[in-house]
1. Which of rounded, prolate or oblate describes the range 149-213 when judged by the alpha-carbon gyration tensor and an a/c cut-off of 1.5?
2. Just rank V166, V172, V245, V109, fewest to most, by other beta-carbon atoms within 10 angstrom.
3. Starting from a Cα-only point model with no solvent, please compute log10 I(q)/I(0) by Debye for the range 66-113 at q = 0.13 1/Å.
4. How long are the semi-axes of the equivalent ellipsoid of the range 64-218, taking √(5λ) for every eigenvalue λ of the Cα gyration tensor, in whole Å from largest down?
5. Residues with amide H under 5 Å of M141's amide H, sequence separation 5 or more or different chain, H placed in the peptide plane at 1.01 Å from N; which?
6. How much length would be gained if the chain were fully extended between A147 and K250, taking 0.36 nm per residue of separation minus their Cα-Cα distance, in nm to one decimal?
7. Name the shape class, rounded, prolate or oblate, that the alpha-carbon gyration tensor gives for the range 145-256, where a ≥ b ≥ c are the square roots of its eigenvalues, rounded holds for a/c under 1.5, and otherwise prolate holds if a/b is larger than b/c and oblate otherwise.
8. In which sequence would D174, D165 go, from the one with the fewest C-beta neighbours within 10 Å to the one with the most?
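Rule-based calculations on the coordinates, nothing more; no lab input. What you are looking at is a predicted structure, and each value in this text was computed from that prediction instead of being measured. Reconstructed Cβ throughout: ideal geometry from the backbone, glycine too, with neighbour counts over all protein chains shown.
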Amino acid sequence: MFDDIIKAAKEEPPKDIESSSIRISVLGVGGAGCNCVNRIYTSGIKSARTVAINTDGKHLNMIGAHKKILIGKTITRGLGAGGDTTIAKKCAEVDKDLLKREIGENELVFICAGMGGGTGGGAAPYVAKLAKEQGAIVVAMVTYPFALERVRLKKAQASLTELVDVCDTVVVIDNNRLASYAPNLPINKAFELADSITTRAVTGISDTIMFPSLINVDYADVQSIMQGGGLSMISLGSGNGHDKVTNAVKDTLEHPLLDVNYEGARGCLIHLEGGPDLTLGDAIKTGELLTESFDDTANIKMGARVNPAVQSGIRVTAIITGVKSSYILGKEESNDSDNGDLQYL
């Protein structure tokens with residue numbers, strides 16, 4: 001399955017933007033975030049603008065993006081934050097006006113970052129706050145450190161708490177789950193896999209908003225579900241052959257990339273991709289099977305696109321929001337919250 005994910009991230013999207021009035025930006029903050037934006041940019045995304053933001057000028061020069069922003073030149077001289085989140089935040093604060101101008105006004109902003117480091121953990125929450133103040137729905141897509149990285153774990157939890165406070169939805173990809181699914185994967189390939197998963201999710205959401213689809217999801221649909229989503233997880237699945245719908249649903253439910261409790265789902269957003277033989281009936285059946293355990297009052301939205309590269313199969317990307325995880329945010333997340341929506345994308 002994971003080879004398919006990496007391959008899918010390189011597929012060429014449609015060429016003409018339909019909903020040109022909707023502005024979508026993908027902001028990579030820090031080393032890991034900029035690497036992810038580089039992958040999204042080089043995949044040829046047409047539905048969103050990419051921006052790379054870092055304190056490390058040398059790394060920034062190696063990144064492909066529609067726009068690059070070096071922050072905190074007067075503080076770090078372009079040499080990076082040295083893993084210090086406090087310095088990274090100051091770098092973002094000192095270049096607040098530059099960031100606001102270059103980020104611009106958007107309807108939807110994705111923020112890609114790695115938790116546990118300096119620039120991603122320190123500057124990403126501040127960048128998210130600026131994007132939110134300028135009117136965007138802000139969705140963070142972040143990676144979480146391996147359990148053995150004790151110091152990085154503490155920094156990651158602090159940064160994640162800040163992100164949840166300022167973002168609408170924070171999607172966490174836990175590196176430990178990647179390791180359990182592909183234990184023999186070289187470490188550089190593991191990070192490439194995480195980038196590919198984010199690319200698939202971001203491209204799936206933005207393309208479904210911007211381009212005509214078999215089943216359309218517009219910006220208002222995404223807004224109604226993502227707004228106030230809170231801590232979230234991502235799950236992926238695919239199915240082929242005669243039982244492709246059943247196989248895709250089973251695969252999706254068995255591949256969550258965060259260990260969470262998501263009982264009591266109240267909302268979901270489903271994104272499907274299929275080959276030229278994808279039918280409306282298959283799409284609806286997939287959605288029904290994925291959400292059959294949801295509450296009757298659940299706010300469910302589904303988008304489906306025909307992608308010739310998928311051939312005869314179905315591919316599901318699911319973002320589940322409003323989940324609870326004591327492993328990620330501590331005991332307070334075990335309490336009931338107003339942000340209890342379960343969303344698939």
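1. Working: a/c = 3.39, a/b = 1.22, b/c = 2.78.
In terms of gyration-tensor shape, oblate.
2. Working: V166 20, V172 27, V245 23, V109 30.
Going from least to most buried by this count: V166, V245, V172, V109.
3. Here the Debye-derived log intensity ratios amount to -0.33.
4. Working: eigenvalues 118, 112, 37 Å².
Sorted largest first and rounded, they come to 24, 24, 14 Å.
5. Under 5 Å from the amide H of M141 lie the amide H atoms of I111, C112, A113, V171, each far enough along the sequence or on another chain.
6. Working: separation 103, 0.36 × 103 = 37.08 nm, distance 2.74 nm.
Working it through step by step, the gained length comes to 34.3 nm.
7. Numbers: a/c = 2.24, a/b = 1.19, b/c = 1.89.
Oblate, since a/c reaches 1.5 and b/c is not below a/b.
8. On the way: D174 24, D165 11.
Least crowded to most crowded, the residues run D165, D174.
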